[in-house]
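Values in this text are rule-based calculations from the coordinates and carry no lab data. Since the structure is predicted, the reported quantities are computational estimates derived from the model, not experimental observations. All Cβ positions, even for glycine, are placed from backbone atoms using ideal geometry, and neighbour counts span all protein chains on display.
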Amino acid sequence: TQIDKLTGQIEKTKKEGKRKELENQLETQKVRLAEAREFIAEHGREDIILAGSLFIYGASETIYLFSGSYEAFKKLYAP
């Protein structure tokens, strides 16, 4: 897993700056894992529609009308 890889890299790294960077990445991955487990506990393992949008496609143009998403899942948005 990503957490195991980061832990291994931290143990091998001798430079303090690099070590701190890897430790920060490790903590971020642990937080993301905990958040994912919370989502699974709350919503189960079934598929959930997170967002939707409406486009109209014509012969020569595409029209975007609107979109929306669930606030509860905003942490899953792409950067």
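Assorted remarks:
- Computed over the chain with a Gaussian network model linking Cα atoms closer than 10 Å, the most mobile of A51, A41, A59 is A59.
- Each of A36 and T1 was given a label point 7 Å from its Cα along the Cα-to-Cβ line. The distance between the two points is 0.8 nm.
- Computed over the chain with a Gaussian network model linking Cα atoms closer than 10 Å, the most mobile of I63, I48, I40 is I63.
- Cα-based helix-to-principal-axis angle, 16-43 vs the chain, degrees rounded to 10: 50 degrees
- Reach of K12 by Cα under 18 Å, taken over aspartates and glutamates that are not fewer than 8 positions away in the same chain: D4, E21, E23, E27
- Cα gyration tensor of the chain - equivalent ellipsoid semi-axes, whole Å, descending: 39, 19, 10
- When the charge dipole of the chain is built from unit charges on Cβ atoms (+1 for Lys and Arg, -1 for Asp and Glu) and taken about the Cα centre, the candidate among L33, G68, T1 whose Cα reaches farthest toward its positive end is T1.
- Each of N24, I56, H43 was scored by the projection of its Cα onto the charge dipole of segment 2-72, and the greatest displacement toward the positive side belongs to N24; charges sit on the C-beta of Lys, Arg, Asp and Glu.
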